[in-house]
Each structure stands twice: as C-alpha cells, then as structure tokens.
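Computed from the coordinates by the stated procedures, all read-outs in this text should not be read as laboratory data. Please read these numbers as outputs of a predicted model, since none were measured by experiment. Please note: Cβ atoms are built from the backbone with ideal geometry, for glycine as well, and neighbour counts cover all protein chains shown.
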Amino acid sequence: MQKVFLYYYGKRQKEILQANLGFAERESISEPDEKTLILNLFKYTQNTARHFNARDYAVWMQGIYVHNEKGIAVCLDQSVFDSVFADLPTAVSVPNLFVNGAYCGLVIEQERVYAFTDFMALQPLYYYHQKGEILICSSLRLMLQIMETTADKDAITEFALTGYNFSQRTVANEIKSLGPAQLLTIGKNKQIHLSTYSAFSERTEIRRPQIDIVDDIADRFKRSVARLYDDRITYSMSMTGGIDSRLIYLEWQDKMKLLTETAGEGSSDYLKARAIIDRLGNPSLHTLEDLQLDKYASGIDEYYLNCDNPMRVMGEFNRHHLDWKMSRGSFLHITGVGGELLDGENLYLSRSKLNVIKEGIAPYSYHELHQQDKAGLLGNIIGIENRKTNFKMINPDFAGAFDINGVVPSLESFIGPTRFQECYTERFRTFRLANAGYYAAASQNLAAYITLLPYNDVELMQAVCHYKPATRELRKL
C-alpha cells in the first residue's frame, strides 16, 4: 500500500503490527501506549503524513489538506504544519482549520480521541467498534483482513440502487464509513459519538445586490485557487472548452510550468483550450489526452480489481488511462469539477423538467422546501425508481429493501438549512460530483496521483450557498 491511515485501540496491538502491517516503515508507526497503535503512511516524493505533539494533545494528518490561511504548504512543510497548532484553542477545532483537499486526521487528548474526514469525505475513513476494540482506517480491505466480519446485504442493495453507500454502511455489518465533514469522538469510556463539524450553510439564504455577490464570490474563488499553489509541486490540469476549467487557468499562478491536457482531437474543447494556452501559457506542455480506448475493457476490469472499496466508486475509469495521466509526472491534478455550484448550473439542472423550456425566458420560480420533500428530491437525482424497475425486470421478486428515506438523516446536518428545493438538490449534486471527480485516486488508494478541486473550497461553497438562488442564477452571473 502506498498510503494508509490507521488507529487501533485494544489488546491485539502487537499481533496486528506483526501480521498485518509488515509493509509499513517503522517511522510511520506510533505506539502511544500498550493498547494504542497508529499508522500514518504516505509513500511518494511529497510525504504529507504529518504529526504534531503538544503537551495536552497530539495530531496526525495525511493526504492533501489545505489550510485557510497557509494554503497547501501546511502539508508539505513540517514547520508550517507545526505553526498551525502552536496556538490551537481546542483540539476539537482542528477539522475547521482546513478548507480543501482529500485527507483524514486524528487528534488524541488525555481523555478523548477525535477522527475526522475532509468536507466531502473524498478520503475514505472507516471505523469498527466491537468487543472492546476500536479500529479506524482509510483502507476497507485492510480492515477486513484484521477484523472478523459478516456481510451486510442491505449495504449491497443500497449500492445496487444508488451507486453509492450514502447511509455510510459498508459490505461488512461491523464496519461503517465516516460521512462528509464528520467527526468521530471516542470518549473516556471508549464510547463513540458522531457529529458534523461543518456544512454547506449554517443558516438560510439572504438577498444581496448583484454586484456585492459577484465581488464576494470572485474574491473567494481567487483565494481558493491561490491556496492550492506551491512551487515545490508539479501540477497537471484537465483543460476543456468550458468556463469552469478556464477560470481556474486564468487565476493559476505559474502557467508556464503547468502540464495541461485535453480529450478529443479536433473537438471544440481541444480547440478552445489550445487557443487560451497558446495565448497565455506554455503550448509545449499541452497535450491531447490519451484515453487508451483500445484497452478500455481491460482497463475497467483492472480499475475495479484495484479499488480498495468498489462500493464508493461513483463512476468507472480506464486504469490504463489513469496510468497515462500518472506517467506525465505530476503530483497533483487540478480539475474544474464543482464549478456547477459557483456558476449556478446546478440550480438549472435541479429544475423540474416540465419547467425548463417555459423558464428559458421567464423568471425562474423556486419552490419551498419541506422535510417530506427531501427523500423524493434525492431519489429523483439518483434515479432510484428507474433502477428498481430495471432490477425487477431481471428478478420480479426484487422488493428493493433499501429505503431512500434513510439517507436523509445521514446528510441533514451536512447539507445544512435551506428554504428551497433547488438549493437542497444542488448541494447534494455538488457532493456527488466531488466524489465522482475524485474517484481516480480515492478508489485506487494511490499516493502518486491526487486530484484537487478548487471549486470545492469550503469557504467558497459556503459563500455561494449563503445567497438566495434568484440572485446567483447562471444567466445573471
């Protein structure tokens, strides 16, 4: 394994270390006491596995984590990492220090332990709590080797019907997944408590003059891009003819060293991307993306075989295509996924199909959100009724044990308060798109290729969601 994060509390510390963690270097392992084992492994030219030890607490983090003030340097430089925690008010506030990336973290105090995911849960983190043992780990496969488990058939049904496990179940009854922006707290008595440390919005939308909204969002977008840049990193970027990737490119600090790639020879995407790169960037570093289409079938097979947890994958990928991307030599890959929230496209896509043509000219109408609406809205986005129908065509006895109503509570505090159906669905769509956009690295457990999404900056998303939808429609912005 190239990257793995693990926390274990129990009586089998030595056994697990010897039987299951032989691949790990000794310096990546910590044993704070006779019952606690921590593994923080990240193998690549840039090692972002960091540890800070203070008098009252200790912090471990891994992945790509972007600080709200110090940017991406916090995960590249130990001294910068240390400075973040030098004046930390409380250990429980650690997750809120970071605004972008794919990462997980652990904080240990004298009487409590905190584990947390990034805002979108792009870096998977699973937990097991049975018979006096607690195991928290970024690898489901490794957990299944360490712990005895039984199959969760309902989780498999949910994946078949939704393409994901939004309920945070896994293939094993005994193992659950942390959700987006989730904080797991282990108390003094070793009981586990789950909470959400952040949300798309803390309050319902407000109305502001158009110019104020544009200025606010533009400023936050520029900061979201700037936070991701560090001259010690080699970056690549997917360039298309769309506005999302081109806006990032315009704000990128060093275009002369940026490896760019575009799919579709002779396509409008390629021609538009090439035009802006010829004018502002380095054409010698721009290339036609090699999709490896002649190896597509075998590439899909290899991709799923290498998935740490196939039930987290929101889209398939050609593993040979991914290998080509990695061969270019970048450490971080920039993508425009998530721009749909910034430019209001998700509002448009959340419209009723019957109203799309009518509202092409007339003002949009936004619909009040009621609690009973939420399951139906999620089901429409996922297309769950169509999936059920397809399964019944194969097996008429298929009852569809999964109930979409069970997903609503698991996402409630993360999606946050909103007055409008369209805002509720656009936030859920943004979460889905983020995970789909990150699938290449997240599912393969690779340290050599990591995707970063500037539009998924938490402060940027929260600013967008702060305003009423009518003031930030795509055609107005």
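Numbers for the structure displayed
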| item | result |
| --- | --- |
| Whole-Hz couplings from phi, Karplus 6.51/-1.76/1.60, listed for the stretch 278-287; x for Gly and Pro | 4, 7, 10, x, 10, x, 5, 9, 9, 9 |
| Amide H contacts under 5 Å for Met237, placed H, 5+ residues apart | Leu259, Thr260, Glu261, Ile334 |
| Using θ = phi - 60° and Karplus 6.51 cos²θ - 1.76 cosθ + 1.60, couplings along the stretch 207-220 (whole Hz; Gly, Pro as x) | 9, 9, x, 3, 5, 5, 5, 4, 5, 5, 5, 4, 5, 5 |
| Inter-probe distance in nm under a simple model that places probes 7 Å from Cα toward Cβ, at Arg208 and Glu15 | 5.7 nm |
| Residue-wise HN-Hα coupling along the stretch 9-20, computed from phi with Karplus coefficients 6.51, -1.76, 1.60 (Hz; x: Gly, Pro) | 10, x, 8, 9, 3, 5, 4, 5, 4, 7, 8, 10 |
| FRET efficiency for Glu69 and Thr185, using Cβ-Cβ distance with R0 set to 30 Å, rounded to 0.05 | 0.70 |
| Amide H partners (placed H, <5 Å) of Tyr467, local residues excluded | Ile206 |
| For Phe420, residues with placed amide H under 5 Å, excluding near neighbours | Leu369 |
| Potential extension, Ala436-Thr389 segment - 0.36 nm per residue separation minus Cα distance | 14.5 nm |
| Modelled FRET efficiency - R0 41 Å, Lys295 with Glu473, Cβ distances, 0.05 increments | 0.45 |
| Candidates per GluC sites (Glu not before Pro) in the stretch 85-135, loop by DSSP, up to 12 other Cβ within 10 Å | Glu111 |
